[in-house]
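One structure is given here, and the rest of the page talks about it.
The values are calculated or read from the model by the stated rules, or taken from the named source; none is laboratory data. None of the values given here were measured: they were computed from a predicted structure. Backbone-built Cβ (ideal geometry, glycine too); neighbour counts: all protein chains shown.
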């Protein structure tokens, strides 16, 4: 008996040793705890889908994924990144998911120049706009780019002349409101009040009572459990204002939550990097691949933007690893130069990177509809092509607005 | 009792009387302009106050079980938040399957109560008197339970829908202002389901107080809190009392899960949040005291709600500030015994 155990141990050691010589270790960071758990899980689905389409191989090497969970806080992201980089020795890291985590990882990536960081789906502007890091690549647009065109749409088409915003108090939603304000205020709209609530707020009752009732619409920049709780309590309080959704407010993670709260979102306009029912063949193929890959009770009806984001990041990494034949020597120089020049034919439109390694891509204005099977989805209203990080504004003027914040930028009709 | 308190603490009595009068004025009077300039709209104030009390009633449901278990068994049950979450999921399933929201409450109470019995019988009974070991084991159980629930229910957000007769707002008799044009009084609208929850927790709280102070089992529990060893030496089967109290406390946490799932939502991570909330409540109110749990819950609930409206940036700090103050001046909690 003892000998057999010993043999097994020896065999196992041998197997892992040979496996180590060939596999490529890739770290994956996502919010698998806290208010953004559902989002992180779907991000991981996107990553696994991309890997399974590549047969788990890239550049002739087998990929070994090491997952580390975070809770949307910057320090949890750094802790998780340190674990996979410094303990597990990954050569490539995909993640994180949430805005402030991205900023923290940008700073951490500077201390680990031998590792390449590809952003998961985090969307704070600062991550790539202020003090960018040489080895941090982002194949998704930031929160302001995801707002491109929404302000004009709700002012010109919906006719909302005044709005108030209520959003979580952190970098990603600041960036979203910045993108909204630039378009909306330039079109002639007025933002009368901006209310910021801590990330992870569960009881919104008093905040709902404090909402202004003299505006045409309310912009909701909430996500995950916060969004569900807000909608639930908003209905209980008898709220009936017109709503405008931020990108993760109308994402699949909220639209497929259990219970009636989500129904308040039907008809709500919003914008982001995808529209669930877009009829583009490339997108439809992606949706089908997602649906085929995971059983219905372990996924959303269609991929959320987290899944799309992680899918794109992973696909970009895999295609560049294939191009350089898995060669990560010389400080990953060839691999990184491939990433910088890659034009990614993503399901949600073509994506290329700018000089800060930040995505230039397509934005989608959409409205929430109820599908025949009773599920909710976003339906395409308008496509805004070629959105860059400065939203078409001259970079110097754009930088002059300052880092997005609670009162930045001011709401002015011209800048 | 009131007279005795007034005689013993004349200054305290005056302060309490003045504060009550001011509060009554703030609630019932039509606010003059200077007061609105100072505190904002009355609607906001009243809403925050009532929301604080209803949120406090949810905290009370969880914390009362927590404090009872601690008081009797000296077991700091760090899995209490997991029991809350388990109750929420069970409540959602039962409400969804049967279509009766009210049925979710007894179902969650019984199911989580039974689970509590299993925990007490198979785990905690074996390590009685070893406080640290029990606490660490409860921490381990909470981690395991959280992962099992994540596996079974996924990371989705579960929101238990109240029946239609409880959804939406209702008119109350509190005046929030006067219409400028017609001079008509404007009355406060308030979510019906929160009022129902408030009433239910008051009934449960009073029921618990009566059970503890007027019944034989309550007498046993109080005696056990004071001196466990003497109680068991006098021939009482203390293990039975322990099991009953643990089951009741767990059941209450389960029922609170249904309440929480109705006016907030159930998702991974909620267990830690409510464990932390009940710890803070119990530390502020006093470990082992039911009235203390009620007082602490209302204070923390009101602080959270006023904080989120009047100084949103620092709202998170307020509860912990209260805890620090209480620990500094009354280390055993507001109603804790010295």
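Given the conditions (1) within 14 Å of chain A (Cβ to nearest Cβ); (2) assigned to a strand (DSSP E or B), report the number of the one that residue B:156 does not fulfil. The one condition residue B:156 does not meet is (2). Looking at A:193, A:134, just one residue is part of a loop (DSSP other than H, G, I, E, B) and surrounded by fewer than 20 Cβ atoms within 10 Å (Cβ to Cβ), and that residue is A:134.
Residue check: residue B:288 meets all listed conditions (1) without any contact (Cβ under 8 Å) to a residue 60 or more places away in the chain; (2) on the phi > 0 side of the Ramachandran plot but one, namely (1). Under the condition of being within 17 Å of residue A:412 (Cα to Cα) and surrounded by fewer than 20 Cβ atoms within 10 Å (Cβ to Cβ), the residues counted in segment A:165-189 number 3.
If I filter segment B:185-200 for residues that are closer than 28 Å to residue A:208 by Cα, more than 14 Å from every other protein chain (Cβ to nearest Cβ) and at pLDDT 90 or above, do I get at least one hit? Yes; the residues of segment B:185-200 include at least one that is closer than 28 Å to residue A:208 by Cα, more than 14 Å from every other protein chain (Cβ to nearest Cβ) and at pLDDT 90 or above. Of the residues making up segment B:180-203, not a single one is more than 25 Å from the chain's Cα centre (by Cα) and in a helix (DSSP H, G or I).
If you go through segment B:310-338 and pick out every residue that is more than 14 Å from chain A (Cβ to nearest Cβ) and either in contact with a strand residue (DSSP E or B) (Cβ under 7 Å, 6 or more places away or on another chain) or farther than 30 Å from residue A:195 by Cα (or both), you end up with 13. Across segment A:86-104, the qualifying residues are those that are farther than 30 Å from residue A:168 by Cα and touching a strand residue (DSSP E or B) at 6+ places or on another chain (Cβ under 7 Å), and the one among them that is nearest to the other protein chains (Cβ to nearest Cβ) is A:88. Tell me whether segment A:325-334 contains one or more residues that are in contact (Cβ under 8 Å) with a residue 60 or more places away in the chain, crowded, with 17+ Cβ neighbours inside 10 Å, assigned to a helix (DSSP H, G or I) and within 21 Å of the chain's Cα centre (by Cα). Within segment A:325-334, none of the residues are in contact (Cβ under 8 Å) with a residue 60 or more places away in the chain, crowded, with 17+ Cβ neighbours inside 10 Å, assigned to a helix (DSSP H, G or I) and within 21 Å of the chain's Cα centre (by Cα). Would you confirm, using the coordinates I've provided, whether residue A:238 is surrounded by fewer than 24 Cβ atoms within 10 Å (Cβ to Cβ), in contact (Cβ under 8 Å) with a residue 24 or more places away in the chain, touching a strand residue (DSSP E or B) at 6+ places or on another chain (Cβ under 6 Å) and in a loop (DSSP other than H, G, I, E, B)? Answer is no for this residue. Does residue B:51 qualify as being part of a helix (DSSP H, G or I), within 14 Å of chain A (Cβ to nearest Cβ) and in contact with a strand residue (DSSP E or B) (Cβ under 8 Å, 6 or more places away or on another chain)? Against the criterion (part of a helix (DSSP H, G or I), within 14 Å of chain A (Cβ to nearest Cβ) and in contact with a strand residue (DSSP E or B) (Cβ under 8 Å, 6 or more places away or on another chain)), residue B:51 does not qualify.
For segment A:215-247, a tally of residues being facing chain B (nearest Cβ under 9 Å) and more than 20 Å from residue B:163 (Cβ to Cβ) returns 3.
Residue by residue, here is whether (1) within 30 Å of residue B:259 (Cα to Cα); (2) out of contact with any strand residue (DSSP E or B) (no Cβ under 9 Å at 6 or more places or on another chain); (3) away from every other protein chain (no Cβ under 12 Å) holds:
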site: A:142; (1), (2), (3): no, no, yes
site: A:148; (1), (2), (3): no, no, yes
site: A:164; (1), (2), (3): no, no, yes
site: A:186; (1), (2), (3): no, yes, yes
site: A:190; (1), (2), (3): no, no, yes
site: A:201; (1), (2), (3): yes, no, no
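Which of the residues belonging to segment A:379-409 are within 23 Å of residue A:164 (Cβ to Cβ) and touching a helix residue (DSSP H, G or I) at 6+ places or on another chain (Cβ under 8 Å)?
Scanning segment A:379-409 gives A:381, A:391, A:401, A:403, A:404, A:405, A:406, A:408, A:409.
Of the residues making up segment A:57-83, those that are crowded, with 23+ Cβ neighbours inside 10 Å and assigned to a helix (DSSP H, G or I) are A:77, A:80, A:81.
Exactly one condition in (1) within 28 Å of residue A:32 (Cβ to Cβ); (2) surrounded by fewer than 24 Cβ atoms within 10 Å (Cβ to Cβ); (3) in contact (Cβ under 8 Å) with a residue 24 or more places away in the chain is false for residue B:317; which is it? The one condition residue B:317 does not meet is (3). Quickly run through segment B:81-102 and pick out the residues that are at pLDDT below 95, in a helix (DSSP H, G or I) and more than 14 Å from chain A (Cβ to nearest Cβ). Once the filter is applied, which keeps residues that are at pLDDT below 95, in a helix (DSSP H, G or I) and more than 14 Å from chain A (Cβ to nearest Cβ), segment B:81-102 yields B:98, B:102.
Within segment B:166-179, the set of residues being surrounded by fewer than 19 Cβ atoms within 10 Å (Cβ to Cβ), within 13 Å of chain A (Cβ to nearest Cβ) and not in a strand (DSSP E or B) comprises B:167, B:168.
Residues are listed down the side, and each one gets a yes or a no for (1) outside the structural domain of residue A:31 (by TED's automatic domain parsing); (2) closer than 18 Å to residue A:167 by Cβ; (3) not in a loop (DSSP other than H, G, I, E, B):
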| site | (1), (2), (3) |
| --- | --- |
| A:220 | yes, yes, yes |
| A:229 | yes, yes, yes |
| A:243 | yes, yes, yes |
| A:248 | yes, yes, no |
| A:262 | yes, no, yes |
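Of all the numbered requirements in (1) surrounded by 20 or more Cβ atoms within 10 Å (Cβ to Cβ); (2) within 14 Å of another protein chain (Cβ to nearest Cβ); (3) over 25 Å from residue A:258 (Cα atoms), residue B:162 misses one, and that requirement is (3). Could you tell me whether any residue of segment A:341-357 is assigned to a loop (DSSP other than H, G, I, E, B), more than 20 Å from the chain's Cα centre (by Cα) and either closer than 20 Å to residue A:144 by Cβ or in the same structural domain as residue A:90 (by TED's automatic domain parsing) (or both)? Yes - at least one qualifying residue is present in segment A:341-357.
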